[in-house]
1. Which residue, B:PHE165, B:PHE42, B:PHE94, tops the fluctuation ranking in a GNM of chain B built on C-alpha contacts under 10 Å?
2. Mind checking which of A:GLN375, A:PHE253, A:ALA84 is farthest towards the positive end of the protein assembly as shown's charge dipole, using Cβ charges of +1 (Lys, Arg) and -1 (Asp, Glu) about the Cα centre?
3. Need the C-alpha centroid separation for the range A:141-157 versus the range A:69-134, integer Å.
4. How many nm separate the modelled label positions at A:LYS248 and B:GLU173, each set 7 Å beyond the Cα in the direction of the Cβ?
5. How big is the accessible area of A:ILE240 in square angstrom, nearest 10, if you roll a 1.4 angstrom probe over the protein chains?
6. Using r as the Cβ-Cβ distance of B:TRP79 and B:PHE114, and R0 as 25 Å, what FRET efficiency do you calculate, to the nearest 0.05?
7. Across bins of 10 angstrom width beginning at 0, how are the C-alpha pair distances of the range A:1-94 distributed, in whole percent?
8. Between A:VAL296 and B:ASP37, what's the calculated FRET efficiency when r is the beta-carbon distance and R0 is 51 Å? Round to 0.05.
Amino acid sequence: MKWDSTTYRLTDRGRFLMIAIVISIVGVAASVAAFFINREQFFFSWLTSFLFWFSLAAGGLFFVMLHHLVGATWSVVIRRLAEAVMSVLPFLGIAFIPLLFGMHDLYHWSHADVVAQDELLQWKSGYLNTTFFVIRAVVYFAVWTLLTFLLRKTSLAQDAGHTPELEARFRKISAPGMVAFALTLTLASFDWLMSLDPHWYSTIFGVYVFAGAVVAVLAFLILAVIMMQKRGVLTEAVTIEHYHDLGKLLFAFMIFWAYMAFSQYFLIWYGNIPEETLWFLHRWTGSWKTVSLVLVFGHFVIPFFIFITRGAKRNKSFLSIFVIWMLLIHWVDLYWVVMPTLHPHGVHFSWIDMAPMLAIGGAFLARFWYTLGAQPLVPVGDPRLEKSIKIVN
Amino acid sequence: MANQSGKVHGLLARFESPGALLEAAKKINAAGYKKFDSHSPFPIHGMDEAMRLKRSPIGWIAGLLALCGGAGLLALQWWSSSVEYPLVISGKPFFSFQAYVPVTFAGAVLCAAFAATFGMLMINQLPRLHHPVFFSDNFNATDDGFFISIEAGDPDFDKDKTAAFLKSIGCVEVEVLQG
């Protein structure tokens, strides 16, 4: 990887692309094997992995729209990275297709005989039925693809020359886009995650998933910049001030995640209604209890105290370890939401969990990297670019 | 001008622009002055570094008070509902930490906010009714003036030499603060 400082483009980026594609191919091969070895486990693992990478891409879309809505200056230099993360979103629709074939294994409510004996599921069947599930998924991906396409198109148009109309267009896309994003992400997390336990419901669940997604994308952006700067890319554009800003947002969203997680738990604990408490009871059974505690301390309590200082957010070598940890714990969070449905008695880790991670992850990184190289690495047409480079906290 | 014959409190120098003020702060620092302050209508980026100000301890004050406030309110809830007046509420244990989290959290935030506000006032030695710079009738630092004041308490302070020094680093006018 090299970077041409006159055109602000990445050159010589083929090697990373190759590595990512090879990882993806290995992952796909392992996934196919996993499918034949243990089909049920495979679909649950695929769902967890899909959600991990999906949450990064969704977080990227949120970051870009937020950037335009608030008219942020500091984040202009990393906007292209967030856009590249976002650009994976339409392609994740392909990674979603296997889940449609796995619906019968994943979702209890898709069994007609089960629904016939379950009055609660009969009441819910107007929403929880296979046809509507597929239609909704198509609508979600259509909305996200449209937003991604419009934002990228405007962004590339800006490179040729900025006009006030482009600035206005960014906001015209982002304002309704944000509303559409909030609704689709909430419903998508209801559909894909909450309905794993179709008796259970929590209205805050979408916000919980959203908070985790934003933490993950910020961690990913910090990691990506660190890795690129180590190879001499973006070294002049991104300063320690940008790390500090990203770190502050990461810290805030980490607290927001804890706030949502606790609020969800707290109301269910207080209300003490059996079909609500069961979800938490499953996650307090056997070794799941350990995972729950790891989440409380590893996703909030310990990071809160070690990441609260200014020094921690401005120390690159600390940051690189910290963000890897946050990505890891984000995966644990999703694993903790998905897997107790399949293994109610305790954690049952399997190699099958890793195969889809490689398959989707490799493709994710390849697409991310491809988009990043296809355009200048910083939005050269943005009038706030210079101010963004010189930002001081 | 008020009392011309009073004690000398320091010098007030006016500069043309924010940039000149920033440069002057650096030079005054280099000359070894410690007790000086800059006054401008708006915050100037880089001024903290130019003046070599230490990081404010306000974060630590707020953080410590937040911990104390949170711990105090948690203790109050524990004491009132499991020691002083134990009451079974919807079959839950007397000490149910879950139920205490909102009050503990809100209390910690409240204490942090109070600590930040009043700590800030304390560190800035506020409120106060008078400050030597108000002796000057030209002190329009809330409008369009950029000033640096050097206090007489500084070990390097000498009314004439310091005034000459301030002139040499490009101030527009120097005024002696008395009264």
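The values are calculated or read from the model by the stated rules, or taken from the named source; none is laboratory data. Keep in mind that what you see is a predicted model, and the values were worked out from it rather than measured. Neighbour counts are summed over all protein chains in view; Cβ atoms, including those assigned to glycine, are modelled from backbone coordinates with ideal geometry. In case anyone asks, the SASA skips ligands and DNA or RNA and just uses the protein heavy atoms, side chains included. Shrake-Rupley method; radii C 1.70, N 1.55, O 1.52, S 1.80 Å.
1. Sorting by GNM fluctuation, first place goes to B:PHE94.
2. A:GLN375
3. 19 Å
4. Rounded to a tenth, the inter-label distance reads 3.9 nm.
5. Surface accessible to solvent at A:ILE240 totals approximately 50 Å².
6. So the FRET efficiency works out to roughly 0.65.
7. In whole percents, the pair-distance histogram is 14, 30, 33, 17, 6, 0.
8. So, using R0 = 51 Å, E works out to roughly 0.65.
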